[in-house]
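Colleague: Got a structure for you, questions after.
The values are calculated or read from the model by the stated rules, or taken from the named source; none is laboratory data. In this text the structure is predicted, and so the values were computed from the model without any measurement. Reconstructed Cβ throughout: ideal geometry from the backbone, glycine too, with neighbour counts over all protein chains shown. With ligands, DNA and RNA removed, areas are computed over all heavy atoms of the protein, side chains included. Shrake-Rupley method; radii C 1.70, N 1.55, O 1.52, S 1.80 Å.
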Amino acid sequence: AFGQITSQFMDILGTAIGYVPGCKYTSLVLYVASDCLEAGTNIISKHIEQIREVERQIDEALGNKEPVNNWEELEESIKKCNKCKLYSTRQNIVFGVGNKNARLMFIGEGPGADEDRLGEPFVGRAGQLMNKAMAFEAIGLKREEVYIANIVKCRPPNNRNPEEDECEACMNYLRNQVILVKPEIIVLLGSVALKHILGKEYGITASRGKWVEKKEILYMPTWHPAALLRDENKKIDFWKDLKLVKQKADEMKIEI
Ligand code: URA
């Protein structure tokens with residue numbers, strides 16, 4: 001099984017020594033490659049993606065698939081997760097909330113202090129504002145009828161943006177959630193969600209309010225609700241974008 005990945009091991013040899021947060025196979029990588037490693041080299045963050053890819057390939061080769069058929073197993077594996085440094089400062093993981101069969105899903109960035117304390121996404125000030133906009137009569141999206149999740153499941157300290165390695169380590173959990181929910185529409189809340197789901201080439205200012213279709217899912221990027229707290233003018237955009245979502249849901253006969 002390792003034959004196919006040897007060249008990738010070779011690529012990362014120079015950087016595989018040191019600390020890869022939560023990498024299950026660090027010792028395996030070191031063992032397999034030990035004769036070629038240069039002692040003392042530290043992992044640089046840009047190599048983490050490569051190492052994750054190797055980790056994914058090893059999992060695939062060994063048949064260790066992340067659980068995708070079962071919500072309980074998925075939640076349990078996130079509760080035990082220590083794949084990135086955020087695990088050490090979290091109070092609670094913030095898994096996701098709402099209708100697990102929803103045809104409409106919302107994806108945010110990561111938990112804040114209130115979410116970390118309560119273990120539920122979008123319950124702080126930004127979340128309350130989002131709930132209000134969703135519940136507004138002309139839109140009428142019910143929070144409990146959609147599914148809401150985040151790119152990262154643990155709170156980044158001091159409400160900073162999640163870092164690249166943290167998003168990367170957590171993305172498989174979100175992919176699993178999307179596979180389980182099978183949404184037809186996904187609302188991307190803010191730049192972090194947009195860039196990690198549709199690609200780094202997308203910018204939120206240019207993309208918001210415009211549908212993007214990818215792999216049979218319709219995506220609507222919009223402002224992150226926290227941005228509305230900082231800039232009142234964004235509220236009207238957010239409201240317009242949610243209205244587009246509601247119109248599309250009506251066209252698709254999605255009952256919310
Ligand atoms: N911001 C997010 O992106 N997600 C939350 O759950 C709360 C605030």
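Colleague: For segment 65-135, what is the charge dipole size about the Cα centre, in debye to the nearest 20, if Lys and Arg each add +1 at the Cβ and Asp and Glu each add -1 at the Cβ? Show your work: numbers first, answer last.
Modeller: Values: 11 positive and 10 negative charges, 28 e Å.
I would put it at about 140 debye.
Colleague: Could you pull out every one of the lysines with an alpha carbon less than 20 Å from that of residue 243, ignoring same-chain neighbours closer than 8 positions?
Modeller: List returned: 132, 142, 210, 234, 235, 253.
Colleague: Still on this model: What order do you get for 178-184, 150-156 when each peptide is scored by the mean count of other beta carbon atoms within 10 Å, highest first?
Modeller: On the way: 178-184: 17.4, 150-156: 26.9.
Averaged packing, sorted descending, gives the order 150-156, 178-184.
Colleague: How would 244, 129, 228 rank on accessible area, largest to smallest, probe 1.4 Å? Kindly include the intermediate steps, with their values, before the conclusion.
Modeller: Numbers: 244 60, 129 30, 228 5 Å².
If we order 244, 129, 228 from most to least accessible, we get 244, 129, 228.
Colleague: OK, next. Residues of segment 117-155 with the amide nitrogen closer than 16 Å to a label point 7 Å from the Cα of residue 229, along Cα-to-Cβ, please.
Modeller: 117-133, 155
Colleague: Which of the listed residues, 123, 112, 77, is farthest toward the dipole's positive end in segment 74-123, when Lys, Arg count +1 and Asp, Glu count -1 at the beta-carbon?
Modeller: Value computed over the given set: 77.
Colleague: If you average 1/r across every pair of different Cα atoms in segment 97-138 and take the reciprocal, what Kirkwood value do you get, in Å?
Modeller: Details: mean 1/r = 0.0882 Å⁻¹.
Mean inverse Cα-Cα distance, inverted, gives 11.3 Å.
Colleague: Continuing with the same structure: What nm distance separates the two modelled labels at residue 135 and residue 255, each placed 7 Å from Cα along Cα→Cβ?
Modeller: Result for the modelled spin labels: 2.2 nm.
Colleague: Tell me the relative contact order for segment 158-241 as a rounded percent, counting alpha carbon contacts under 8 Å between residues six or more apart. It would help to have the intermediate numbers written out before the result.
Modeller: Details: 82 pairs, mean separation 21.4, N = 84.
Answer for segment 158-241 is 26 percent.
Colleague: Now a separate question. Lysines near residue 153 by alpha-carbon distance under 21 Å, same-chain residues fewer than 8 away left out - which ones?
Modeller: 24, 65, 79, 80, 83, 85, 100, 182, 195, 200
Colleague: Using the Cα centre as the reference, give the magnitude of the dipole from point charges on the C-beta atoms of segment 103-245 (Lys, Arg: +1; Asp, Glu: -1; all else neutral), rounded to the nearest 20 debye. Walk me through the numbers before you get to the answer.
Modeller: Working: 22 positive and 21 negative charges, 65 e Å.
Charge dipole, segment 103-245, about its Cα centre: 320 debye, nearest 20.
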